[in-house]
1. Sequence-distant or interchain residues sharing an amide H contact under 5 Å with residue 209, placed H: which?
2. Enter the Cα centre distance for the pair segment 133-161 and segment 93-107, rounded to the nearest angstrom.
3. Would you kindly derive the ³J(HN,Hα) couplings of segment 151-166 from the backbone phi angles with the Karplus curve 6.51 cos²θ - 1.76 cosθ + 1.60 (θ = phi - 60°), listing them in order in whole Hz, with x for Gly and Pro?
4. Just to verify a number: FRET efficiency for residue 95 and residue 139, C-beta to C-beta distance, R0 = 22 Å, to 0.05?
5. Pull out the extension gain between residue 349 and residue 146, defined as 0.36 nm times the separation in residues minus the alpha carbon to alpha carbon distance; nm, one decimal.
6. On a full-extension model of 0.36 nm per residue, what is the gain between residue 58 and residue 317, subtracting their alpha-carbon distance, rounded to one decimal in nm?
7. How would segment 84-240 be classified by its alpha-carbon gyration tensor: rounded, prolate or oblate, with rounded meaning a/c under 1.5 and the a/b versus b/c comparison settling the rest?
8. Given labels modelled 7 Å from the Cα in the Cβ direction, how far is it in nm from residue 299 to residue 218?
Amino acid sequence: MAVLIDLGDPRGLDDEPEAGPLVSRAARRGAALVAVVLAGLLGLGGSAVVPPPPLVLVAHFDPPVTGPVVLSGDLALALERRDGGRALLAIDGGAVRWRLPLEGLSTEVFSAVRAGRTLLVTLIDSAAPAEMWTTYAVEPDTGTALWQARAMLLGVAPRAAEWTAVLGGGAEREWLGGRDVASGRELWRRAMSAPQGWTPYRVGPDLAGLVLFETAGRPQARLLTPDGVLGEPRPLPTGTEGMQVAANLVVAAYERDGARRIAALRLPALEPVWDVAHPVGGYPYYVEDCAPMVCVTDSDRVWVLDPADGAARWQGQVGGSYALAPGVLVSNVNERPRYGVLRDTVTGRVLLRLADWSVIEHDGRSVLLAYVGDDRTWFGAAEPAGSGRPRVLGVGGPTLDRCWADTRGTADAGLVVCQALLGGLDVYRYTR
């Protein structure tokens with residue numbers, strides 16, 4: 001049975017000033033006390049050791065260094081755009097570790113993945129006349145280019161003591177292939193026919209295969225493994241127009257006898273598991289992976305389906321939503337993009353109202369937040385399963401409200417990189 005969630009009062013609390021983020025009075029008194037103590041210690045001529053705040057600015061890079069930025073471990077990957085060409089910059093804390101000259105004029109960093117001792121970076125050039133994707137394999141310590149391919153990296157998979165990089169290339173998605181990550185040696189390649197599409201299927205961070213969607217004749221799906229083995233085709237319902245991989249399922253939407261329905265096949269065997277009435281009455285709608293559930297959304301509402309049987313566990317008019325991390329959904333993002341509500345994906349329960357905070361990223365442990373006002377930026381963190389308001393990590397300069405963070409959450413310290421208001425990038429380090 002679906003549960004209609006009480007969405008509560010969408011407003012923030014009334015006792016907070018408009019010029020700053022929502023922080024409790026106790027936290028503000030604590031911050032003021034810390035400031036007084038720091039001032040007193042500084043007045044002692046540096047004789048006392050003052051611990052650093054949780055977040056500090058470690059570097060500013062003037063233009064032509066610019067975003068978007070992709071973080072991978074201890075490196076922040078950005079672009080340096082000069083009249084003479086473009087270069088990929090690997091920023092390690094407050095310094096540039098290496099530069100890699102690039103081709104193209106409209107290049108942006110798209111993704112970065114580490115596989116063994118190799119860093120794989122995919123860039124996109126929207127002005128390229130043909131293939132817009134290029135993937136570079138580099139040595140992460142020196143930036144030495146090991147190999148490159150005019151293709152998009154779709155994922156990496158372990159192979160004995162090695163790694164396989166699965167790539168897709170061609171202006172019209174014409175081929176799929178696998179390469180040995182360390183050497184760049186091509187392991188396999190498969191041509192794609194025109195009425196085919198693919199969607200990555202992952203188990204954890206690794207690629208477990210690609211689900212191919214074939215529309216010539218009756219719609220069908222099949223699994224292509226990272227080592228190039230093509231599985232048997234599995235029929236999809238007649239009239240299927242598209243599919244999505246969500247919660248280890250292939251989810252297909254279709255129409256039968258004038259009624260819209262959703263069917264699911266369990267990966268990796270592609271065995272049918274359920275077929276239910278579609279919860280959305282009109283178009284457009286989207287099926288999304290919101291682990292551990294399946295989300296069906298239109299522009300304003302969300303229906304959250306149980307992957308076991310397709311039943312709607314809850315629904316609500318949430319003002320737009322997206323999956324932030326496993327078990328965490330961000331809602332209320334349509335009308336006020338800077339206002340969000342963190343919800344438990346399984347139950348719809350409100351975990352935290354962010355008020356004027358905007359979400360940067362989930363770093364694997366906490367939700368990193370930013371608030372821009374009065375020519376400065378407050379940074380904060382919140383634990384979705386906890387209670388209370390976000391804790392302030394530190395204050396930085398004004399930004400364009402575009403920040404990036406590492407999502408691994410495995411180290412005691414992390415990086416946040418923001419597009420500075422007057423150009424360039426600000427790099428912050430914070431302790432978790």
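1. 201
2. After rounding, the separation between the Cα centres reads 16 Å.
3. So the J values, rounded to whole Hz, are 6, 9, 6, 9, x, 10, 9, x, 9, 6, 9, 10, 10, 10, 9, 9.
4. It comes out at approximately 0.80.
5. Here the answer is 68.3 nm.
6. 89.1 nm
7. Cα axes put segment 84-240 in the prolate bin.
8. About 3.8 nm, to one decimal.
Computed from the coordinates by the stated procedures, all read-outs in this text should not be read as laboratory data. As the structure is a prediction and not an experimental result, all values here were calculated from the model. Neighbour counts run over all protein chains shown; Cβ positions are idealised from the backbone, glycine included.
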